[in-house]
1. Taking residue A:10 as the residue in question, decide whether it is in a helix (DSSP H, G or I), closer than 26 Å to residue A:111 by Cβ, among the basic types (Lys, Arg) and modelled with pLDDT of 85 or more.
2. For residue A:12, are the conditions met, namely being within 14 Å of another protein chain (Cβ to nearest Cβ) and under 25 Å from residue A:157 (Cα atoms)?
3. For the range B:194-233, name all the residues that are of a type in the set (A, V, I, L, M) and facing another protein chain (nearest Cβ under 10 Å).
4. With the requirement that a residue be in contact (Cβ under 8 Å) with a residue 24 or more places away in the chain and under 19 Å from the mean Cα position of the chain (by Cα), what does the range A:213-239 give you?
5. Does residue A:50 satisfy the criteria of being surrounded by fewer than 16 Cβ atoms within 10 Å (Cβ to Cβ), in a helix (DSSP H, G or I) and in contact (Cβ under 8 Å) with a residue 24 or more places away in the chain?
6. Among (1) in a loop (DSSP other than H, G, I, E, B); (2) free of Cβ contacts under 8 Å to residues at least 12 places away in the same chain, which single condition is residue B:128 missing?
7. Could you name every one of the helices (runs of 4 or more DSSP H) located completely within the range A:157-239 that has at least 3 residues being on the phi < 0 side of the Ramachandran plot and surrounded by fewer than 21 Cβ atoms within 10 Å (Cβ to Cβ)?
8. Residues in the range A:119-135: is at least one assigned to a helix (DSSP H, G or I), among the hydroxyl-bearing types (Ser, Thr, Tyr) and surrounded by 19 or more Cβ atoms within 10 Å (Cβ to Cβ)?
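The values are calculated or read from the model by the stated rules, or taken from the named source; none is laboratory data. The shown structure was predicted, so the numbers you read here are calculated from the model rather than taken from an experiment. So basically every Cβ, Gly included, is an ideal-geometry build from the backbone, and we count neighbours across all protein chains shown.
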Amino acid sequence: MRHAFDIYRRLVGVQIRSQMQYRASFLLDLVATALTVVVEFGSVALVIQRFGDLQGWQLPEIAFLYGLVEIAFNFMDMLFSGFDPPRFGLTVRQGTFDQLLLRPINITAQVMGSRLVLRRLGRVAFGIAIFAYALSLNDITWTVAKLLYLPVVIASLIAFFGGLFVIGGTITFWTVDSIEVLNMLTYGGSFTMSYPMTIYPNWLRRFFTYIVPAVFLNFYPALYFLDKPDPFDFPAFAPFVAPLVGFAMLWLSLKVWRFGIQHYQSTGS
Amino acid sequence: MRLFWEIARRNFRRHLTYRAATIAGLITNFGFGWLRVSVLLALYDDRSVVAGITETDLYGYVALTQAVITYLAMFGWYELMESVHTGEIGADLLKPMSYFQFWLAKDAGRAAVALLLRGVVIMIFFSLVFPLSYPTNLAQWLWLATAVFLSWLVSFTFRFLLNLAAFWSPNARGIIGTGFIFGWFLSGFLMPLRLFPQWVQNIAYLTPFPYTLNLVVEVYLGLLQGPALYQALLTQLVWTVGLAILGQFVLKTAVRRLVILGG
């Protein structure tokens, strides 16, 4: 385990050094990536301003949900870039994955360390800006419990999204082609979580409550931080199951990943 | 003209072969459409019309945004850039037709497949599930077809121009990508332009972007009638010609500084 971590650290070190090699190009990429967030959230914000609110949620409250997801998803996207389904699917198809398997080194550490897209930090930075805007305009009554719970929620979200990426990546062992559908799980999931769950049709909400329990990761914590009433009458502990759900997802995904590797058959070409 | 037709046909067939990707793309487009409709409907809440757009129009708007993603290459188009970076451009410049026409032909084939396999199919898909409204008379259908065709030309001339950045920088991807991101915002892809504050709309209409997706949406929903409609379609044509001329001009400068390494 220690050995694996050491390997991971070295691989990531190489990634960071190589990406920082072309400073100007890196900065340009960073700005371009950050611009995506500005434009996406900007357009939502402009329209919500016009309408006043989104089914009773004010813009700063939406920003709380949106910023939280933006921070966690993009931080995860950076850490778990190696598992990013389209990319990982490519390494499987091209046989580069076989090369990794041949090395007597922990495979998970190798895949994790194979790619770390630093420019995602541009998006994380703007996620933080949106979240800071939310914190400054929402009248949050801070308690010690809330202060301690906030980092836990962010970590749980990262674990949850990371789990989705690992599962998505593993599926590419079997489906070489239809990878775009997996975007529904990852990007679709994060899009859904950027808005209050009350706005979706019932079937979709049930899906995100009972099958992929995303609702507990930021919607319920947001209700707790913003002192909003629960529209679905769940038990009072609902805002606090986020770490359980998030890390269970990551744990489950690693099980699926192990299973996938054990049943992996190379294309052999 | 024969050569143009031949290149377009070949690209049409080449793109037609990616069937699995098409089906996967459909499911994704459809899923995202559902999410985006939910957000817009929640915004409307109990209002029925905002800025001329009715609640039912929202379904049509979202369906159209999903339908044209591949047709107008909304998420990015880097083919020309790649051909410059790999040196393929050397052979392309020797072809017995202008470089602009060559790419126009290639893109025509690509866009035709995207329009038929993705665009039309997505619209049918959406109409089965959501209460879509349709253009009500033949004239409106014809205007729609015109707007759809011209929107491709505006989009192509813009993409051609943007991709020429590859001649100046080996990192053109970032520059080109930035152009597309502005496109999402200003073409009404993220939100219908009419729902933005007036000053944002004013800025948007100084650029060619509203003459791609947003105009198609407005013609489809019947928001533009009479003189306003003719003026909008004419402006599409003006942008096409303007961007094409600018593209030719930039291309001339670009080719002069082009050095292709043999090997």
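1. For residue A:10, the condition - in a helix (DSSP H, G or I), closer than 26 Å to residue A:111 by Cβ, among the basic types (Lys, Arg) and modelled with pLDDT of 85 or more - is met.
2. no
3. B:195, B:200
4. A:213, A:214, A:216, A:217, A:218, A:219, A:221, A:222
5. Against the criterion (surrounded by fewer than 16 Cβ atoms within 10 Å (Cβ to Cβ), in a helix (DSSP H, G or I) and in contact (Cβ under 8 Å) with a residue 24 or more places away in the chain), residue A:50 does not qualify.
6. Failing condition for residue B:128: (1).
7. Helices (runs of 4 or more DSSP H) meeting the threshold: A:182-193, A:202-206.
8. no
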